[in-house]
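Data first, discussion second: the structure below is written as structure tokens.
The values are calculated or read from the model by the stated rules, or taken from the named source; none is laboratory data. Small disclaimer: the values here were computed from a predicted structure and weren't measured. A quick note on method: Cβ atoms are made from the backbone with ideal geometry, for glycine too, and the neighbour counts reach across all protein chains shown. What goes into the accessible areas is simple: the full protein's heavy atoms, side chains included, and nothing from ligands, DNA or RNA. Shrake-Rupley method; radii C 1.70, N 1.55, O 1.52, S 1.80 Å.
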Amino acid sequence: MQVLQEFFVIATGKIPKPLDVTTAREVVRDLLKWNPVLINGDLIVDAIDIHAAHEYSFWDTLIIAAAIESGAGY
């Protein structure tokens with residue numbers, strides 16, 4: 001969910017040729033079909049543990065925790 005939020009903000013205003021809100025909304029709606037991981041208390045605690053162990057930024061560890069929760073591999 002965090003990545004979708006960041007995508008919307010960047011895509012509609014922080015790039016040289018931003019998307020209009022309607023187009024960005026449709027892209028987000030399409031990406032929601034992938035069933036992104038919802039942020040909950042357990043995910044936040046997992047992110048804190050990753051942050052403490054590896055010293056990444058908390059926001060990055062939240063993305064990592066969500067990826068692990070979804071079963072992503074490397």
- Select from region 31-53 the residues that are surrounded by 11 or more Cβ atoms within 10 Å (Cβ to Cβ) and not in a helix (DSSP H, G or I) and list them in ascending order. 36, 37, 39
- Among the residues of region 13-59, how many are more than 21 Å from residue 72 (Cα to Cα), of a type in the set (S, T, N, Q) and within 16 Å of the chain's Cα centre (by Cα)? 0
- When region 4-30 is checked residue by residue, the ones that are in contact with a helix residue (DSSP H, G or I) (Cβ under 7 Å, 6 or more places away or on another chain), in a loop (DSSP other than H, G, I, E, B) and of a type in the set (A, V, I, L, M) are 19
- Message: Based on this model, can you work out whether residue 64 counts as surrounded by 15 or more Cβ atoms within 10 Å (Cβ to Cβ), hydrophobic (A, V, I, L, M, F, W, C) and part of a helix (DSSP H, G or I)?
- Response: yes
- Message: Just to be sure I understand the filter: pairs with C-beta atoms under 6 Å, separated by 6 or more residues or on different chains, first member in region 17-31 and over 17 Å from residue 3 (Cβ atoms) and hydrophobic (A, V, I, L, M, F, W, C), second member open to solvent by less than 80 Å² (accessible area, probe 1.4 Å) and part of a loop (DSSP other than H, G, I, E, B). Which pairs pass?
- Response: 21/12
